[in-house]
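Written below as structure tokens is the structure these notes are about.
The values are calculated or read from the model by the stated rules, or taken from the named source; none is laboratory data. Just so it is clear, the structure is predicted and the values come from calculations on it, not from any experiment. Glycine also receives a Cβ, built like all others from the backbone with ideal geometry; neighbour counts cover every protein chain displayed.
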Amino acid sequence: MNPYVPIVGMVVLATLFVAVSIVLSANVGPARYNRAKFDSYECGIQPTPQPVGGGRFPVKYYITAMLFIVFDIEIVFLYPWAISYNQLGTFAVVEMVIFIATVFIAYFYVLRRNGLDWE
């Protein structure tokens, strides 16, 4: 149990910090309530009523999110490879070149299909 004492201490300290911050912000912070504070804020545009189904999002949002995930995963695989580059042999370098080439092929495919254009 001895090795876990610092971890438990950090969890308790973090919990206390959050609790004290919430209590202090509620008690010390200004309490000026008005209609504008309770209104929704949509980048300066007055909010409009939403349809019953919640409205439709353009597919471009999802494509952009998926591209973001793909390139994040690429970085996740590149970082450990870069850290242990000196210990790896030629095989690992060839594999990483193939991996990067595959990702770039996908990137150029998206560019060719205008997947990054919003209009």
Condition met for residue 72 (modelled with pLDDT under 80 and either charged (D, E, K, R) or surrounded by 11 or more Cβ atoms within 10 Å (Cβ to Cβ) (or both)): no
Evaluation of residue 19 against (1) at pLDDT 90 or above; (2) outside any helix (DSSP H, G or I) (one fails), failing number: (2)
Residues of region 78-102 satisfying the condition of being within 28 Å of the chain's Cα centre (by Cα) and among the aliphatic types (A, V, I, L, M): 78, 82, 83, 96, 97, 98, 100, 101
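Counting only residues that are among the aliphatic types (A, V, I, L, M) and not in a loop (DSSP other than H, G, I, E, B), which one in region 98-119 is farthest from residue 64 (Cα to Cα)? Lay out the reasoning, then the answer.
First pass over region 98-119, keeping only residues among the aliphatic types (A, V, I, L, M): 98, 100-101, 103, 105-106, 110-111, 116.
Remaining after also requiring not in a loop (DSSP other than H, G, I, E, B): 98, 100-101, 103, 105-106, 110-111.
Numbers: 98: 24, 100: 19, 101: 20, 103: 15, 105: 17, 106: 13, 110: 10, 111: 12 Å.
Per the stated criteria, the residue is 98.
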Count of region 84-97 residues which are surrounded by 10 or more Cβ atoms within 10 Å (Cβ to Cβ) and in a helix (DSSP H, G or I): 6
